[in-house]
1. Could you work out, residue by residue across C:21-28, how many beta carbons of other chains sit within 10 Å of that residue's beta carbon, and then give the average as an integer?
2. To the nearest 20 Debye, how big is the dipole of segment B:1-146 about its Cα centre, given +1 on the beta carbon of each Lys and Arg and -1 on that of each Asp and Glu?
3. So what's the back-of-envelope 222 nm ellipticity for the protein assembly as shown, counting only DSSP H runs of four-plus at -39500 (n - 2.57) apiece and dividing by all residues, rounded to 500?
4. Rounded to the nearest 0.05, what FRET efficiency do residue B:226 and residue B:9 have when you use their Cβ-Cβ distance and R0 = 30 Å?
5. Can you run the Rg to Rh ratio on segment A:148-187? Use alpha carbon positions and the Kirkwood inverse-distance Rh.
6. Once R0 is set to 41 Å, what does the formula 1/(1 + (r/R0)^6) return for the Cβ-Cβ distance between residue A:42 and residue A:79, expressed as a FRET efficiency to the nearest 0.05?
7. For chain B, compute the number of Lys pairs whose alpha carbons are separated by less than 25 Å, excluding pairs fewer than 8 positions apart on the same chain.
8. Go through segment B:69-78 residue by residue and turn each phi into a ³J(HN,Hα) via Karplus (6.51, -1.76, 1.60, θ = phi - 60°); whole Hz please, and just put x for glycine and proline.
Amino acid sequence: MTAYLADVAALARKDLKLELRARDTLPAMLLFVLSTLVVFHFALPADAGEDAAYGLLWVALVFTALLGLARAWVAEREAGALDGLVLAPSDRSAIWLGKSLATLAFLVAAELVALPAFVVFFAPLDASALVGVVLASIGICAVGSLVSAMAAAARGREVLLPLLFLPLAIPLVVGGVGASISPDPGTYLVFLGLYDAVFAILSWAAFEYVVTE
Amino acid sequence: MSITKPSLTVLAWGAAALTTLAAVMIFALAPEDADQGFSQKIFYVHVPIALTAYACFGLGAWKAYRLLATRGERYDLESYTGVHLGTIFGVLTLVTGAIWAKASWGVWWTWSSNQLVLFLVLFLFYCAYFMLRFSVEPGARRERISAVYALFGVALIPVSFFAIRLANDFIHPTVFTREGPQMTGEMFAAFCVSWASITLLAYVMYRVELAGKRIDANLRDLREALQP
Amino acid sequence: MSSGEKYVAAAYGVFVVVVLVWVAILATKLARLERETGELARLARARPAGEQADG
């Protein structure tokens, strides 16, 4: 068990270090999410309620996540390293977990910029909304890492990734928006937790089949 | 793996007979619904088609699981065919559902029909299945990736359904309701026969389509073996 | 036909049409498979007897 966790930590740390050095994904995500929020200001009609703004926040988060996910496996692919990782004696699912945690770190970093910006530009966010963001981010990274690995094996992967990811993201958007605007956010938060549990377990179990030749 | 066994002929004739019986029961036996009038009869074709779509997706997922668990060669085409037919019946669900919506409420689409919205999400998901399949080189990897995706699909069905139910609380769509038909015995019997006939038809289609794919694959192998 | 009847006809009609389109597509595929089988049979017959592939 500890060997497994050590593998996961090593893999996640590698991704974070690479990003720290190359700095190509995270700045792009930060800029993207801010630009999107500004575009939304112009896209919303003057009398649109606050609720519309929360919906758009989630659109911004999902597409920012897509940006990060699109680059999730690029380093491994370019260096041919994914085969090496797969051949290594560690459990393949550790690769998925490490990647998901690293992607989650990037997404959270982007959210640390996006959420304050949203509060300043549009509307306040309460505790349940923030918990919703955290839970949904976990789901996004869990499912996204798997789906991104699928797309990485395909031609036209930049186009394919959003097509694979968006239908799976719909329940997360529902949960997140509900947690932000509903008077009873508990149901939505429980739902997000359930989504995370189901799809994290599925992704964890299925990853090995996606990456082995 | 044979096209014709277990006896496809019997099943096909059975589907024809059941369909005839269903048509008779729907239009001659079942009474007209008091609230909705004649257009309620769409129910007898729309709901079985939806159930059959779920069944096909389930079949595709089951074969996908078998592929991952046993690596049997046959399961890839079986899973693919199941998903393909599920998508066809899914589209039919959306179209017949839209027609029924227009007949009942005067609009072609409404976000308040949970089933329609669910099928829309599933349609998007399974369309991506085909895009995925055609973007990956044929081989064991493609089979496995397709199988994993098909399994994710059936996990998505209940999760999406709950999401859509929850979404209705805050999207506040114009809620249309349809008085569920107070089903008489004849209506229920007609529904069951219709459901059975459409399920059987789908299964016959599945076997025929699968046979076509297998023959195609065999011919390709044969061609490779025979080329000088 | 009343409008209710038109909608019912449309719904059942779409179902029938889609199944028939499926039949047509499969028929086209069958024609191609038949042609290919013929070609392969020709190829197989043309091979000199001593070169029959095993299995």
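Readers should treat all values here as calculations from the given coordinates under stated rules, not as data from a laboratory. Small disclaimer: the values here were computed from a predicted structure and weren't measured. Note that each Cβ is placed from the backbone with ideal geometry, even for glycine, and that neighbours are counted across all protein chains shown.
1. Whole-number average of other-chain Cβ neighbours for C:21-28 is 2.
2. Working: 11 positive and 8 negative charges, 112 e Å.
It comes to approximately 540 debye.
3. Working: 16 runs with 398 residues, N = 496.
Value at 222 nm, helices only: -28500 deg cm²/dmol.
4. Working: r = 31 Å, r/R0 = 1.04.
Efficiency computed from Cβ-Cβ geometry: 0.45.
5. On the way: Rg = 14.7 Å, Rh = 11.7 Å.
Radius of gyration relative to Kirkwood radius: 1.25.
6. Working: r = 41 Å, r/R0 = 1.00.
Step by step, r from the Cβ atoms, then E = 0.50.
7. Numbers: B:5/B:63; B:5/B:213; B:41/B:102; B:63/B:213.
Lysine pairs meeting both conditions in chain B amount to 4.
8. 7, 10, 6, x, 5, 5, 6, 5, 5, 5
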